Amino acid sequence: TPAIAKGWRLTGGGVTLAVDASSSVWFITGAPAAKPGELSLPDASIGKPHARLLVAGERLGLEDLGTPGGTLIDGARLLPEHGPRDISSARVLRVGTVELTLSKVGAAG
């Protein structure tokens, strides 16, 4: 049987962004995605780029890149000086003014 794709899905703001292990680093950007590893979230409150997602096995990290719109994890502000934070068990992210629901995709193990 074919392998089930594993990773995470961010849904909100009229878009669904898929993050998987095809890249260990993904960038959330307000600009149109121009190259692999970029996830476009077209909104004026989103930086270009805004945040970095880090994929490490079954874990997902998020790092704010210091744009004015800000980043929140389950309501808690993430600042650039915090560095990457594990969001594998987070439920809601806010990037700029866009709220995204984080869900895990695919079978574990």
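Within the range 22-50, the set of residues being open to solvent by 80 Å² or more (accessible area, probe 1.4 Å) and small (G, A, S) comprises S22, A34, A44.
In the set (1) small (G, A, S); (2) modelled with pLDDT of 95 or more; (3) out of contact with any strand residue (DSSP E or B) (no Cβ under 8 Å at 6 or more places or on another chain), the condition left unmet by S22 is number (2).
Restricting the range 51-68 to residues that are of a type in the set (G, A, S) and assigned to a loop (DSSP other than H, G, I, E, B), the residue that is surrounded by the fewest Cβ atoms within 10 Å (Cβ to Cβ) is G57. Only residues that are at pLDDT 95 or above and not polar (S, T, N, Q) were counted in the range 88-109, giving 11.
Checked against (1) surrounded by 15 or more Cβ atoms within 10 Å (Cβ to Cβ); (2) part of a strand (DSSP E or B); (3) hydrophobic (A, V, I, L, M, F, W, C), A18 passes all but a single condition, namely (1). Among (1) touching a helix residue (DSSP H, G or I) at 6+ places or on another chain (Cβ under 8 Å); (2) assigned to a loop (DSSP other than H, G, I, E, B), which single condition is P36 missing? Single failed check for P36: (1). Counting the residues of the range 40-64 that are under 19 Å from S88 (Cα atoms) and either in contact with a Lys or Arg (Cβ under 9 Å, 6 or more places away or on another chain) or of a type in the set (D, E) (or both) gives 6. Among the residues making up the range 71-109, a single one is closer than 20 Å to G14 by Cβ, open to solvent by less than 70 Å² (accessible area, probe 1.4 Å) and not in a strand (DSSP E or B): G96.
The values are calculated or read from the model by the stated rules, or taken from the named source; none is laboratory data. Everything numeric in this text was worked out from a predicted model, so none of it was measured. Don't worry about glycine lacking a Cβ; one is built from the backbone with ideal geometry, like all the others, and counts go over all protein chains shown. Quick note on the areas: whole protein, heavy atoms, side chains included, nothing else; ligands and nucleic acids left out. Shrake-Rupley method; radii C 1.70, N 1.55, O 1.52, S 1.80 Å.
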